[in-house]
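What follows is one structure encoded as C-alpha cells, with my remarks underneath.
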Amino acid sequence: MPNKNIYTVVVADDEDVLREAVCTMVPWAELGFSLAGSASNGLDALQLVEKLEPDLLLTDIRMPFISGIELARQVREVRPAMNIAFLSGYDDFEYAKQAIQYNIISYMLKPLTIEGLAAELRVVHQKIDTQFAMFRQASQAADTAPDRQDKRAVFLMPLVLDEYAAPDPRTAQYAIDCGLLQDAADKPQYTLMAATLQDAAGAGCTTPAFAAAVDKLAAKYLRSVSFFSGGRVITVLLGNRSDFEEYLHILADEIPQMADRVLGCQCRIGVSRMTPELSRLHAAYREAMEALLKADPAEGGVRFISDLQPAVRGGRGLCDRALEAIDQHYMEADLSLVSLSGMLDVSPNHLSACIKKYAGETFINILIRKRMEAARRMLQTTDLRLQQIAGRCGYTDQHYFSYCFKKYTGESPNALRRRLQADGPQAGA
C-alpha cells in the first residue's frame, strides 16, 4: 500500500507448524509489516531482537527455555521502544497481566485463523502508527511561548541553570505552589537528564518542542519536567530510589531509540546521579552535561555520570571488562545482558552497543560461543555426562544445551563424542 508505514516483526512460537503458517501465510506487506525473522524458543527470539532490533515481537506466551513473560521483561531492558504482541493458547489474562508493563500492545488467543490474526495485526499497526505520530507531533509542535511555559519549568530553570542561585528556605513551599511537589510529605529523589538531537549530517537539530516528546515518554515511568535551554532539552526526573533503579536506564534508552526510529535523528543523553535536594539541582545539571559530552551514538547514545568512573571510562575498556566478566561467569545459568550490565553498573543498551562496536558481535553470540567451546573441550577431554556438561556451561535444560550445541557445531554432543571415540586419541589433540 502506498504511504503505509512498514514495521519490522519477529515471530516466536515453539509450535513449528503454527510458526511456519504465520510466517508464510500472513500477508505481511499488505498489512504494513516486514517479516525480519522467526524463532522456535524464547532464547533464540531474544537473540534475534538484539541483532535485528524489530518494531514488533509476535510471541507465544509459553515457550521453552524463556517464557513469553520473561522474554518481554528482558526485551524491555534492551529495546524499550519495541512493542510486543502475545499469541497464546492459554486463556489466562492474570498471567498475561504480569507483562502489561512491558509494552504489550496486543493479547491474542489461540486457536486463531490467519484471517483473524491479520485483522488483529491491522489493529496493532494502527496502534504503532498512533504511538509514532504522537511522538513525532510532540517533537515538531510549535514552540511554547515563554509566558505559557509550565509553571514547574519556570520554577526549576534557575535552580538548574544558575550556579549562583542563593538558597531560599521557601523553596520547598514554592515547589508545592507550582505543582512540582504534592505536599510537604512529598520528598522525592531528583535526577537530571540532558539530551540533544543531531540530523544525518551531524548538525544539531534539537528544538524546544522536543521537550514535550521527552516528557511523553518519561510519563510512563517517572514524574518529569522538561525545558529547552542552550540547544538542549533538560529534564528533571522525580521518583523514589526504587523507581530510578528500575526505570531510569529503560527511559534513557527508549528516548534515543524513538528519536532514531521516528525522527531519523541521533540522540545523545547525559544522566546525573540522584540527589534528594532541590538545592543540588545545579550540581546534578553539571554532571548530566559532563556525561552528555561523552555520550556516543555508536555506543547507544546514553552516558550516565557513573559510566565516567576511571574503571569504566572509554567504550573499549568497558567492552574488555564485559568480556572478562563473561569468561568468569559464563557457567552461571542466569547470566544475561541485563545481569552483566548490573555487574558493570551501566545500562544494558549502552553495554550492548559497546560490545557490538568493539567486539564486533552481540553479547548473546559471544556468550553462546564461550559456552559451546567450553562444552566441546569437556566432551573431548572428560567422561562427564551430558547433563553435567550442560550444567557447567550455564544450561539447566539438557535438551536446550543439545539444541544449542548442534546449532553451533553442526552435530549433537553425543554425535561429537561418538566421532571422537571412533577417530581415536588424535581427534582431541
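The values are calculated or read from the model by the stated rules, or taken from the named source; none is laboratory data. The structure displayed is predicted, hence computed values, not measured ones. Virtual Cβ from ideal backbone geometry, glycine too; neighbours counted across all protein chains shown. Side chains included, ligands, DNA and RNA excluded: accessible areas come from the protein's heavy atoms. Shrake-Rupley method; radii C 1.70, N 1.55, O 1.52, S 1.80 Å.
All conditions in (1) buried (at least 16 other Cβ atoms within 10 Å of the Cβ); (2) farther than 27 Å from Val271 by Cα; (3) modelled with pLDDT under 90 hold for Arg148, with the sole exception of (1).
Taking every residue in segment 103-114 that is more than 15 Å from Arg62 (Cα to Cα) and open to solvent by 60 Å² or more (accessible area, probe 1.4 Å) and pairing it with any residue that is of a type outside the set (Gly, Ala, Ser) and at pLDDT 90 or above, at least 6 positions away or on another chain, the pairs with Cβ-Cβ distances below 8 Å are Leu112/Glu120. In segment 384-398, the residues that are in contact (Cβ under 8 Å) with a residue 12 or more places away in the chain form Cβ pairs under 9 Å with partners that are assigned to a loop (DSSP other than H, G, I, E, B) and acidic (Asp, Glu), at six or more places apart or across chains, as follows: Ala390/Asp397; Gly394/Glu332; Gly394/Asp334. Every residue in segment 330-351 that is assigned to a helix (DSSP H, G or I) and either more than 20 Å from His249 (Cβ to Cβ) or open to solvent by less than 10 Å² (accessible area, probe 1.4 Å) (or both), please. If the condition is that a residue be assigned to a helix (DSSP H, G or I) and either more than 20 Å from His249 (Cβ to Cβ) or open to solvent by less than 10 Å² (accessible area, probe 1.4 Å) (or both), then Leu340, Ser341, Pro348, His350, Leu351 are the ones that fit. Glu115 fulfils the conditions (1) closer than 30 Å to Thr275 by Cβ; (2) modelled with pLDDT of 90 or more; (3) acidic (Asp, Glu) except for a single criterion, (1).
On inspection, Ala29 fails the criterion of being of a type in the set (Gly, Ala, Ser) and within 24 Å of Phe363 (Cβ to Cβ).
In the set (1) at pLDDT below 90; (2) assigned to a helix (DSSP H, G or I), the condition left unmet by Leu281 is number (1).
Here segment 344-370 is the region considered, the condition is being aliphatic (A, V, I, L, M) and over 17 Å from the mean Cα position of the chain (by Cα), and the residue that is nearest to Pro256 (Cα to Cα) is Ala359.
In segment 167-208, which residue that is open to solvent by less than 30 Å² (accessible area, probe 1.4 Å), out of contact with any strand residue (DSSP E or B) (no Cβ under 8 Å at 6 or more places or on another chain) and in contact (Cβ under 8 Å) with a residue 60 or more places away in the chain is farthest from Met258 (Cα to Cα)? Within segment 167-208, the match that is farthest from Met258 (Cα to Cα) is Thr171.
Leu278 falls short on exactly one of the conditions (1) open to solvent by 10 Å² or more (accessible area, probe 1.4 Å); (2) under 18 Å from Gly230 (Cβ atoms), and that condition is (2).
Selection over segment 129-145 of residues that are modelled with pLDDT of 90 or more, open to solvent by 30 Å² or more (accessible area, probe 1.4 Å) and within 23 Å of Leu192 (Cα to Cα) gives a count of 0. The residues of segment 233-275 that are open to solvent by 60 Å² or more (accessible area, probe 1.4 Å) and modelled with pLDDT of 90 or more, listed by number, are Asn240, Arg241, Ser242, Asp260, Arg261, Gln266, Arg273, Met274. The residues of segment 15-53 that are in contact with a strand residue (DSSP E or B) (Cβ under 7 Å, 6 or more places away or on another chain), touching a residue at least 40 places away in the same chain (Cβ under 8 Å) and buried (at least 16 other Cβ atoms within 10 Å of the Cβ), listed by number, are Val22, Gly32, Phe33.
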